[in-house]
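The values are calculated or read from the model by the stated rules, or taken from the named source; none is laboratory data. Note that the structure is predicted; figures quoted are calculated from it, not measured. Every residue, glycine among them, receives a Cβ derived from its backbone with ideal geometry; neighbour counts consider all protein chains shown.
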Amino acid sequence: MITALTKSADDTRQLGAALAPLVVAGDVILLSGGLGAGKTTFAQGFGLGLGVQDDIVSPTFTLMRSYDGRLSLIHCDVYRLDHLQEVIDLGLPEMLDAAAVALVEWGDVAAPGLPTDHLETRIELTPSDDERWFQLHPVGSSWLGRTDELRLATQRWQS
């Protein structure tokens, strides 16, 4: 596991942007953390790192938004879903495009129904209003094979 500390919303966006060059088509990144932890802020930076020109906003009420960049970005939010069966019933696993990268907010809820190869990204609030702890946990051979690249890309934020 890789841990990182960001000190502001802009810093969180920069961390997201730093990870974007590492992804390939078909990658899934699961974002988890409480309300206001910074999941959408991270997604905004990640999108910028992919070259997305549109404003990235929370897809809480639409479930999913798609953006064009170096790779297509599918940004999902399963906050309003109560059970894994709802994720499966909605066909979320099928909606994830092999030619795109997917960021799934509240991904811990959806994880059992999604590909086993993914990057778990847990964001935790700190006593400071601006700081966030990130725990990056590569899961599956594809992400485990990029652990050194992840460490290098996040070196600036590691403590």
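Candidates in segment 70-105 are the residues that are charged (D, E, K, R) and at pLDDT below 65; of these, the one that is surrounded by the fewest Cβ atoms within 10 Å (Cβ to Cβ) is 94. Within segment 106-130, the set of residues being assigned to a loop (DSSP other than H, G, I, E, B), over 12 Å from the mean Cα position of the chain (by Cα) and buried (at least 16 other Cβ atoms within 10 Å of the Cβ) comprises 114, 115, 117.
The set of residues from segment 127-155 being over 12 Å from residue 32 (Cβ atoms) and in contact with a Leu (Cβ under 8 Å, 6 or more places away or on another chain) comprises 131, 132, 133, 138, 139, 143, 146, 149, 150, 153, 154. Scanning segment 1-59 for residues that are free of Cβ contacts under 8 Å to residues at least 40 places away in the same chain and not in a helix (DSSP H, G or I), we see that the one that is nearest to residue 132 (Cα to Cα) is 35. When segment 37-64 is filtered for residues that are at pLDDT below 90, under 19 Å from residue 12 (Cβ atoms) and either polar (S, T, N, Q) or surrounded by 17 or more Cβ atoms within 10 Å (Cβ to Cβ) (or both), the ones remaining, listed by number, are 58, 59, 60.
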